[in-house]
Structure formats: structure tokens, C-alpha cells
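Participant: Pasting a structure here, questions to come.
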């Protein structure tokens with residue numbers, strides 16, 4: 001008899017058959033998708049991956065400049081390496097970014113829903129200034145008033161702020177371990193009756209999923225889960241689906257010394273599983289989206305006890 005345990009109770013998407021089906025999708029099959037507007041590609045080399053990500057950002061900035069309009073971008077904090085590359089390109093090419101308007105996806109918050117101050121070392125504002133905005137020559141960088149982060153004071157208006165700019169030209173992002181996009185977590189699905197209602201949800205303060213706490217502890221807080229805040233201010237499906245374009249980048253390797261990827265399964269479930277309230281990133285399948293996967297993340301999902 002095959003050993004087929006039930007999924008753990010804290011996992012919100014509990015269809016074991018679907019999980020098994022997407023788990024079996026090979027690296028050679030992963031780029032195939034029935035929606036031609038949901039375009040999956042695999043880039044093997046990490047330098048090429050981050051270079052392509054940076055080039056995508058800079059190309060949109062230049063195109064908007066040449067067309068004489070604002071360039072409105074929703075930006076994540078991770079992946080990170082592409083920001084230094086993009087800043088270097090902007091400086092070397094002398095690209096004036098005064099027409100660029102950015103909205104960061106999210107920011108950590110405490111148990112009372114108060115967002116972290118910009119000078120807290122773990123804040124996303126700190127990370128973005130260190131990795132991107134602060135690396136752009138002051139004469140070229142976006143106007144400070146055009147750089148936005150969600151916080152306790154503006155979160156109820158954050159979706160409107162994006163809409164008032166005509167929506168984002170592009171929403172960039174990644175996929176979390178529970179399938180989240182921004183900090184829109186898998187358990188948020190319980191709060192909405194239908195997928196259409198779900199896709200209309202707007203920016204708010206949310207409770208972080210246990211998987212997100214552990215994921216972020218590993219890659220940002222030295223493995224210390226006690227240091228990760230319990231809540232966050234985040235954009236929502238309406239902001240992501242309301243963008244003119246979506247560009248998501250998956251680079252979730254466990255480190256340079258191991259071939260293991262924490263993102264290997266969830267990359268498949270988001271891209272090839274059902275569109276579900278309990279797989280937040282799955283809504284990207286229904287919209288024009290570029291979904292770029294680092295080669296190691298696209299590798300087959302296998303048990304490795306070595």
C-alpha cells in the first residue's frame with residue numbers, strides 16, 4: 001500500500017491529488033501553459049537571470065521617458081540582486097528617472113498593525129534605499145515624493161494612490177513559500193466567498209502565514225523566526241491584476257552551496273495548479289504575465305535524503 005499522508009492542517013490548499021500532479025511536472029514541461037498570455041521561461045545562469053530582470057526594469061523606464069509619460073512601477077524587495085544591476089545601468093547610461101513613480105509591495109508591521117519605521121534595519125524601506133534608490137546618482141534618481149511604501153497611515157488609501165496614477169505600468173514580484181504574492185497570504189482565501197470577489201481585494205494590513213515567517217527568517221533574519229514581525233502592510237489582488245503588465249521572477253534557492261530550492265514545488269503549483277483563493281499567485285495565470293524561473297528552481301521536484 002502506498003504511503004499517502006494527509007497534508008498538514010496549517011496548509012490552506014489541501015488538494016493532495018493536484019499537488020501530486022504539479023509535483024510531477026518536469027523541467028522540460030514547466031514552460032508549457034494553456035494561456036499564451038502567461039509566458040513561462042527558464043534562465044539557467046543566475047547572472048543572466050538578474051541581468052534580464054534589471055534590463056526589464058530599465059527598459060520600461062526608458063520607454064516611458066521616450067513616450068513622455070510617467071513610469072509607474074510596483075516593486076518587491078526580493079529578489080534583490082537585480083536592483084544593484086539596474087542602478088548601475090541607470091548611472092552608466094545617465095537615465096533621468098524623474099518621471100518614475102514607485103509603489104513598494106509591502107512593509108512589515110507589528111502585532112498591532114503598526115508598520116516598521118523606515119530606519120528599522122529589517123524594514124523594506126531600508127532595503128530598497130540600500131539596494132536600489134540609494135545606489136542611483138542623486139541627480140538621476142526618482143523624486144523622493146514619488147517613492148511610496150505602504151504604512152499604517154496610508155494603507156487604506158494605498159490602492160487608490162496606485163489607481164490615481166493610472167495603475168501600474170508593471171507589477172514586479174516573486175512567489176512566497178505558501179504561494180503568496182506580495183504578502184497576500186494563502187489563508188486570506190477564507191475571507192472571500194468567490195474568486196472574483198477575491199481578485200477585487202484592496203491593500204490592507206494582514207497576518208503573516210507561518211510558512212512566510214519561516215521563509216523570511218531563513219533569507220533575511222539569520223534563521224531567527226523570533227525576529228520576524230507577525231504582520232505586514234501589503235498590496236492586494238486588485239492592485240496586481242489592475243497593472244498593465246505583470247513580471248514575476250523566481251530565484252528561490254537555499255544557498256550557493258546547495259542545489260536545493262525551497263521554491264521548486266510552489267513555482268509549479270502557482271503556474272500549473274488550479275486558480276484558487278488558497279494559491280494567491282495562481283491568479284497570475286489569468287492575466288498577461290511574464291513568469292521567469294531560475295534554472296535550479298525549475299529542476300524536478302524529487303526527494304533527496306543525501
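Please treat every number below as a calculation from the coordinates, not as lab data. Since the structure is predicted, the reported quantities are computational estimates derived from the model, not experimental observations. Backbone-built Cβ (ideal geometry, glycine too); neighbour counts: all protein chains shown.
Participant: May I ask you to order 68-78, 266-276 by the average number of other C-beta atoms within 10 Å around their residues, highest value first?
Facilitator: Details: 68-78: 19.3, 266-276: 22.6.
Peptide ranking by packing, descending: 266-276, 68-78.
Participant: Going by alpha carbons, how many degrees (0 to 90, nearest 10) lie between the helix axis of 81-93 and the longest principal axis of the chain?
Facilitator: Compared with the principal axis, the helix lies near 30 degrees.
Participant: Right, something else. Using just the Cα positions, wrap the stretch 160-246 in a convex hull and report its mean projected area in square nanometres, one decimal place.
Facilitator: 5.9
Participant: In degrees between 0 and 90, to the nearest 10, how far off the longest principal axis of the chain does helix 46-66 point, with axes built from Cα atoms?
Facilitator: The two axes meet at around 40 degrees.
Participant: With both bridge residues required to lie in the stretch 164-257, what share of the DSSP beta bridges run antiparallel, to the nearest 5%? Write down the numbers at each step before the final one.
Facilitator: Values: 5 of 8 bridges.
Counting DSSP beta bridges with both partners in the stretch 164-257, the antiparallel share is about 60 percent.
Participant: Please give the direction-averaged projected area of the C-alpha convex hull for the stretch 124-274, in square nanometres with one decimal.
Facilitator: Projected over every direction and averaged, the Cα hull of the stretch 124-274 covers 10.6 nm².
Participant: Measuring from the lowest to the highest alpha carbon on each principal axis, how far does the stretch 107-172 reach, largest first, in angstroms?
Facilitator: Answer, in whole Å and largest first: 38, 31, 20 Å.
Participant: Take every DSSP beta bridge whose two residues both sit in the stretch 33-298, then give the antiparallel share in percent to the nearest 5. Present the calculation step by step, with values, prior to reporting the outcome.
Facilitator: Numbers: 12 of 35 bridges.
Antiparallel: roughly 35 percent of the beta bridges in the stretch 33-298.
Participant: Then there's this: If one takes the longest principal axis of the Cα atoms in the chain, at what angle in degrees, from 0 to 90 and to the nearest 10, does the Cα axis of helix 210-220 lie?
Facilitator: Tilt relative to the chain: about 50 degrees.
Participant: Have a look at the chain and give its Rg and Dmax from the Cα atoms, expressed in angstrom.
Facilitator: Rg then Dmax for the chain, in Å: 18.7, 68.
Participant: Give me D for the stretch 189-306 in µm² s⁻¹, whole number, from Stokes-Einstein with Rh from the Kirkwood sum over alpha-carbon pairs, 25 °C and 0.890 mPa s. Write down the numbers at each step before the final one.
Facilitator: Values: Rh = 16.0 Å.
So the translational diffusion coefficient is about 154 µm²/s.
Participant: With springs connecting C-alpha atoms under 10 Å apart, model the chain as a Gaussian network and identify which of 252, 179, 189 has the largest mean-square fluctuation.
Facilitator: Comparing 252, 179, 189 in the GNM, the peak value goes to 189.
Participant: With each run of n ≥ 4 DSSP H residues scored as -39500 (n - 2.57), what mean residue ellipticity at 222 nm is computed for the chain after dividing by its residue count and rounding to the nearest 500 deg cm²/dmol? Numbers along the way, then the final one.
Facilitator: Values: 10 runs with 91 residues, N = 306.
For the chain, the value works out to -8500 deg cm²/dmol.
Participant: If you take all C-alpha pairs in the stretch 1-118, what percent of them are over 26 Å apart? Each step should come with its number before you reach the end.
Facilitator: On the way: 3462 of 6903 pairs.
Result: 50 percent of Cα pairs exceed 26 Å.
Participant: Please tell me the relative contact order of the chain in percent, rounded to the nearest whole number, where contacts are Cα pairs under 8 Å and at least six residues apart. Don't jump to the answer; show the numbers that get you there.
Facilitator: Working: 578 pairs, mean separation 75.9, N = 306.
Answer for the chain is 25 percent.
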